[in-house]
Amino acid sequence: MRRTLFLALFVFGLAAPALAQDAVKVDPQHYKVESENNRVRILRVKYGPGEKSVMHRHPATIAVFLTDGKVKFTYPNGKSEEIEFKAGQTVWRPATKHLPENIGNQEMEVIVIELKTRKPPPKKPTETGTTTPKNP
């Protein structure tokens, strides 16, 4: 019994980081869902000066910056980049996994629109075994 419990906890410990990559789930202090439907999820993101998140993922996104700011993104491979933005600026970014940090001296606020991938519509079933009656 103890062995099974230990194994289950070990497997969960390995799987949890892979499952817990959604920004809203792993960092609700900074990420809030404003609206969601089957095509997009709209997030309000707020970071105070010097605040940092945890590593998380986003699908392709459109960001609308509500404030001026400066952010540092650190990626899983250890590389990082710093980006400055102005209020009103918009940016498109491909799907990514990163750890953001507000390296500016004021609160940073941004609306992030996550694009959901669309599944193709199901194929209509084809009719089989039907024949068209012929006129005699």
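The values are calculated or read from the model by the stated rules, or taken from the named source; none is laboratory data. Everything numeric here is computed off the predicted structure, so don't read it as measured data. Cβ sites come from the backbone with ideal geometry, for glycine too, and all protein chains shown count toward neighbours.
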In region 58-76, anything under 17 Å from the mean Cα position of the chain (by Cα), of a type in the set (Ser, Thr, Tyr) and surrounded by fewer than 18 Cβ atoms within 10 Å (Cβ to Cβ) is listed as 74, 75
Among the residues listed as 25, 86, 79, the single one being surrounded by fewer than 13 Cβ atoms within 10 Å (Cβ to Cβ) and touching a helix residue (DSSP H, G or I) at 6+ places or on another chain (Cβ under 9 Å): 25
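Listed here are the residues, each with its yes/no results for (1) over 29 Å from residue 38 (Cα atoms); (2) part of a loop (DSSP other than H, G, I, E, B); (3) modelled with pLDDT of 95 or more.
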| site | (1), (2), (3) |
| --- | --- |
| 54 | no, yes, yes |
| 57 | no, no, yes |
| 91 | no, no, yes |
| 113 | no, no, yes |
| 124 | no, yes, no |
Among the residues of region 59-88, count how many are of a type in the set (Gly, Ala, Ser) and part of a loop (DSSP other than H, G, I, E, B). 4
How many residues, within region 2-52, are aromatic (Phe, Trp, Tyr) and modelled with pLDDT of 95 or more? 2
